[in-house]
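Working notes for the structure below.
What follows draws every value from the coordinates through simple rules; no lab data is involved. All figures in this text were calculated on a predicted structure; none of them were measured in a lab. Quick reminder, even Gly has a Cβ in these numbers, built from the backbone with ideal geometry, and neighbours come from all protein chains shown.
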Amino acid sequence: MHLTLVGLSHKTAPIEIREKLTFPAHRQADALSLLCSSEWVAEAVILSTCNRTEIYAVTIGEDTGVDAVIDFMAEYHDLDRHELVRYLYITRGEAVVKHLFRVVSSLDSMVIGEAQILGQTKEAYEHSLESGTSGRAFNRLFRQSFEVGKRVRTETDIGENAVSISYAAVELARKVFDSLEGRTILVLGAGKMSELTAKHLMCNGVKAVLVANRTYERAVELAERFEGEAIRYDDLFARMAEVDIVISSTAAQHYVITRDAVAATLKSRGGRSLFLIDIAVPRDIEPTVNELGNVFLYDIDDLNGVVESNLDERMREARRAEVIIDEEIASFLDWLESLEVVPTIAAIRGKAEVIRSAELEKALKRLGGLSDKERQTVEALSCAIVSKMLHGPTARLKQAAGTKDGFTVVETARHLYGLEEAEARHGHGVFRNLLNLRAKELTDDKCKEMGDSVGC
Amino acid sequence: MEQFSVVAFWFATVLYAAATVLYGYWFLSKRRTFSWYATFLTGAGFLCHTLSVYSRSVATEGTLLDGSNTLILLAWALVLIYFAMEHLIKIKVYGTVLVPVSLVLMTISQLLQAAGQGGVTASPLVENWKVGIHVALITFANAGYFIGAVASLAYLLQERQLKGHKTSVLFRRLPPLGSIDALARRAIAFAFPAYSAGLLLGVVRAVETDPPGWWADPRVVLAGLVWLVFGVYLFLRYRGGATARTTALIALGGSAIVLVLAVIARSVPAGFHIFGV
């Protein structure tokens, strides 16, 4: 059994190639069935987003498995195999686990810390579950990857700081007012960016939107979109007394909002703070407005500065996320290793030997006074019985190792011989068992959650 | 009972010390688990602290509000108000300041006791229930003023970050301006009536005993000034339409006078109004 990943992403392929290699949701079932019809592919999950197409597979042979996946990608999308290979990355074994954990934690995303990738990976796994192409290995791997994604988001601040101009404006507004519930904003001008920022502010609880524009009809049009109120340009400063946030993006070549005009409105504000966002170039708001008490002005460069600083902060958090990922990889590899044939056979033989020795000792005590020759004969007898009893299962396990569902046989053997219990007793300890129990509960909860979303 | 009081006191101190470390680590790392443990340890410390104050009071048939015990009560009031504030405003960052301050106050109280200042006998002047309540109210009010001052300082720092378009660690860790301002306002609004009632009781007791020139005593004058400053603060906050920056500066000024008053009261053995010296 080999873990294999073949894929391409925004880092390796331009949009012209990525768009040719997508697997839309409605075609995933067919694609997965076709892929797993190959004798070399036992399990598969296809992760297809706008920035990446990745095929995770459990393959029988290492290179033959990779070839099978690449052939499938080329044939399915009718692409030249040699051309396609130029854009692909291929990883195997532990590197696949690490890559998946980094992907779900959004460390491999175009915008580090973005939240969508976890949901997209869950969807990909659900498609695989529905198509019956996810088995024991991927059930474990993907469920654990969701836990990793969740851990990274809760134990680090990777998704905390805004990395777009419009969200940065919202974040800053929240730093001034705490809650935006019930606040009033004034949109001055009709730029795309101001519209987007206003939308984000409204999503965060802003109550009322006033819109002002040189052309009143344009203001009315925009106000209708926000279910807000259009105001005459001449009433701008009279109405500014009642707003908390001003977003300005006019095409004016001079300052539209001056220090004196804002200072005049402050008198009727009763000490309330005023947050001004100037997204226009050239700027609409006189920079010295920021010097007034309870007034906070951010222009486009200031907002860019916040975004850059937030990106740096996310990079710092990403380093903390890598530590979490390394811990989780070790845990998964422990489990994976337990499915290998050679350690399993060794464990079975080890357990049999422990039982044989204990029983032999008891029997020898009961028999008492045996000569050395008699003792050796009894011992040889016990060895022969154990060896012959285990010969068949050992041979069949080795044989099964090379087949498509080989590790299922190995896992069954481990279950029948009670190896997991023995390892849990001897290898882990109470605390580890408790942690495992909690992890199992979380996984079960996740399964229920997933069941619900599939049902929806 | 007295032994139990001492043991409970040291348990409280150790728990506050552990909470201080965790709050500090949480402030730097922002890992929520640490803030949970820090709050838990503070709660446990507060319980021990309460038991210590209660058992000492039972053992000595009433707590003598000397310098040492006043500091213990002030530390207790700070933690109590911190929990009330955290419940109301849901901002844990104040624990990073208030719990260490409580720890420092408790440590100083022990140093005062070791220096022999804790065992002062009550003068006939203070052998009255009115004086006990007067000191307790002033202590609680001072705790409220202290919280208001910390919040005001935080406001000025955060405002500076926002005005300067900085995105430092301070900017990320300090709460939004709106909530800091609300905390300062509420803490002072809570403290002011307690301070007024405390002063009133003190005046009543002074009139009863009528020490010569009590109204010109420097500490009485300073206490009147504190009352005036925070009275102006509340007026400007609720009626005057002053900016939060102006009121933050007033709160800091008022708290500075409170600090001066506390130091004078404990270090200058002059005038009629001596306590804890």
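With a simple spin-label model that places each label point 7 Å from the Cα along the Cα-to-Cβ direction, the separation between residue A:291 and residue B:200 comes to 4.7 nm.
Reducing segment A:307-372 and segment A:44-93 to their Cα centroids gives an inter-centroid distance of 32 Å.
Cut-off is 10 Å between beta-carbons; in what order do A:55, A:90, A:165 appear when sorted fewest neighbours first? Numbers along the way, then the final one.
Values: A:55 25, A:90 15, A:165 18.
By the 10 Å Cβ count, ascending: A:90, A:165, A:55.
Would you list the membrane-span-like helices of chain B, meaning whole DSSP H runs whose alpha-carbon atoms span at least 27 Å along their axis and whose mean Kyte-Doolittle value is at least -1.0? Within chain B the helices that satisfy the rule are B:2-29, B:32-59, B:67-89, B:95-114, B:129-163, B:177-209, B:244-267. For chain B, the mean residue ellipticity at 222 nm estimated from helices alone is -27000 deg cm²/dmol, where every DSSP H run of n ≥ 4 contributes -39500 (n - 2.57) and the total is divided by all residues, rounded to the nearest 500.
Averaged over every viewing direction, what's the projected area of the C-alpha convex hull for segment A:2-155? Give it in nm², one decimal, please.
8.1 nm²
For residue A:210, the residues whose amide H sits under 5 Å from its own are A:185, A:186, A:187, A:229, ignoring neighbours fewer than 5 places away on the same chain, with H placed 1.01 Å from N. How large is the translational diffusion coefficient of segment A:283-417 in µm² per second when you combine the Kirkwood radius over alpha carbon pairs with Stokes-Einstein at 4 °C and 1.567 mPa s? Answer from the Stokes-Einstein relation: 60 µm²/s.
Anisotropy class assigned to chain B is oblate, per the alpha carbon gyration tensor with a/c at or over the 1.5 cut-off and a/b no larger than b/c. Against the main long axis of the alpha-carbon atoms of chain A, helix A:372-401 sits at an angle near 40°. Helix A:94-104 and the longest principal axis of the C-alpha atoms of chain A enclose an angle of approximately 30°. Distances between placed amide hydrogens fall under 5 Å for residue A:274 paired with A:295, A:296, all partners being 5 or more residues away or on another chain.
Close amide H contacts of residue B:217 (hydrogens built in the peptide plane, cut-off under 5 Å, sequence separation of 5 or more or a different chain): none are found.
In whole percents, the pair-distance distribution calculated for chain A from its alpha-carbon pairs, binned every 20 Å from zero, is 20, 36, 27, 12, 4, 1. Kirkwood-type hydrodynamic radius, segment A:339-417: 14.0 Å, calculated from all non-identical alpha-carbon pairs. Which entries in A:175/B:163; A:207/A:267; A:98/A:122; A:20/A:98; A:175/B:166 show an alpha-carbon gap greater than 19 Å? Distance filter (> 19 Å) returns A:207/A:267; A:20/A:98.
Value of Rg to Rh for segment A:1-68, rounded to two decimals, is 0.98; Kirkwood radius and Rg both from alpha-carbon coordinates.
Note on the protein assembly as shown: antiparallel DSSP beta bridges, both residues inside, total approximately 45 percent of the bridges counted. A Stokes-Einstein calculation at 25 °C with viscosity 0.890 mPa s, built on the Kirkwood radius of segment A:165-307 over Cα pairs, returns a diffusion coefficient of 167 µm²/s. Loop sites by DSSP among the GluC sites (Glu not before Pro) of chain B, restricted to those with at most 10 other Cβ atoms within 10 angstrom, leave B:128-277 as the longest stretch without any of them.
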